[in-house]
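For reference, the structure discussed in these notes is given below.
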Amino acid sequence: MAKISAPITNKKAFKISNFEYGTIRRQEGKVVVELSKQQVNIETIKQLDFLYKTSDSFLPLEDIKDVDGAIQLIFKDIDSMKMLIDIKQEEYPIKLSILLAILKDNILARHFVSIHPSTIFYHPMEHIQYSYFSDNDCLPYDNRTSNFEKYRALALFVITGFSYEKCLGQQQEVAKVGNDLVKNILSTKNLEELTLLIHDTYNYITHEYISAIKTNDYRSKKRTKYLLIGAIGAVIICSFATGVAIRRHANTEINAMQAKVEQTKNDLKVEKLLNTGDLQSVEKEMKHLDYSDKDISNMYFEQGDFQKSLAYNPNQLEKIIEKIYQNQADFNEKHKDDKKAHDKKDQPIQQIYDLEIKGNTTNKKSLKDKLTIEQAIANHEIDTMKTQLSFIEDKNTALRMLTVFLSEDELQNAQAVVNKFPDKAFQNRYDLKSTQEELNEQKKAISKEKNKDKKANMQKNADALSDRIEKLQKEIKKDTDEVKNDK
């Protein structure tokens, strides 16, 4: 089922990915490529000014910074552009169109560019822009792998959805689960053969896709127009290949696309009912259209009816709890300047206490036990939390328990959580709290000290503690952002 929810803005969410030379981060209108200074062969940052002299093939470079032992290349983000690493969400004609545009462009023949999917940006149907490149010896670049091998790995990534790294280094594993097109890609010997294969496959699939939509009994003309524009653009149908392998692969994709068109019709019916706000009618219609319990659960989740969502799919419990905590965080931020304290019953966290695990599920007992602990955590019931710690296996629950222990200055119990879950995310939070307390004690001692030399040394220690706190806060934020991004 297509996700049913309120419209969202075009603002790009925070996203961080690794590529072969470092990380690439997309946030607040910028694309930041970060490299360890150990990989950068320069004496002054001015030696990297050549990076500003780029063509339209690249994102516009705005700044270069030396930050905490790393070199940051800061590009302007183009809001309409998407990261190639997310292309798996696109319809098949778009995937092939973008891949074909990259192969025809053959930028590796002109520049030392990374074509890792995290570093390429695209706009359907064939607009491509690159980010990281190294046209001199200052920046790292892999000359051991041939350009063709890189392009073939990229083609496998687009077609299969496997990681680029796996498509580059574990092609035998990819071949085992691949279809005929994957096997044909692996059999190509050079870029020309690969480009021709993708060209013929694109033409055939696009032709069949258009035919499938034209003949489908799909009444919504406006929706059909948007579907055609978004999926195929202004494509002129060329003569298409009739090879057996391409046809077999294409027909599979066309069948899947026809099913998507039919599903879109059903989703439109559900969306129309959702606009009325009558969730019971939505539920009834979804059952009539044979939506799964998970689909109905997701519908209720998106509409904020967490108990109904849980009733249809008890395994949504963790997702629901995370959403309630996020709603509480948003509530706190919105009302942070309010002078009058809000009644607890009016706060989102209260919804955790109203949840119940009903219905039949194989793990019903473990879910009920988890919910009991989560309710105790939400209510800061320290004694109950201490007795239940030894039974916790869920790291998400444990992290929330650790957060409460730290907020209540229960450092001994917090240490017990860290011991049970020896994870960097847990340790960082504990270290942050203990360092903050150490800094507070140091500040008190400084205020009482009369000796200037001793006071100066104590201040140095305090400054070091402040630096450590700042570093831990950054690490915790980075870890939290990465977890959100993964989800």
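If you roll a 1.4 Å probe over the heavy atoms of the protein chains, what accessible area per residue do you get for region 333-487, in Å²?
Here the residues of region 333-487 average 66 Å² of exposed surface.
When averaged across all projection directions, what area in nm² does the alpha-carbon convex hull of region 1-158 cover?
With every direction weighted equally, the projected area is 10.3 nm².
Looking at the square roots a ≥ b ≥ c of the eigenvalues of the Cα gyration tensor of region 280-367, which shape do they give, rounded for a/c under 1.5, prolate if a/b is larger than b/c, or oblate?
Prolate shape, in that a/c is at least 1.5 and a/b is the bigger ratio.
Provide the per residue accessible area, probe 1.4 Å, for region 92-164, rounded to a whole number of square angstrom.
Dividing the accessible area of region 92-164 by its residue count gives 33 Å².
How many nm separate the modelled label positions at Gln375 and Gln427, each set 7 Å beyond the Cα in the direction of the Cβ?
3.6 nm
Report the percentage of all Cα-Cα pairs in region 374-471 whose separation exceeds 19 Å, rounded to a whole percent.
Roughly 50 percent, once rounded to a whole number.
The values are calculated or read from the model by the stated rules, or taken from the named source; none is laboratory data. Please read these numbers as outputs of a predicted model, since none were measured by experiment. A quick note on method: Cβ atoms are made from the backbone with ideal geometry, for glycine too, and the neighbour counts reach across all protein chains shown. Each accessible area value is taken on the protein alone, full model and side chains, heavy atoms only, with ligands, DNA and RNA left out. Shrake-Rupley method; radii C 1.70, N 1.55, O 1.52, S 1.80 Å.
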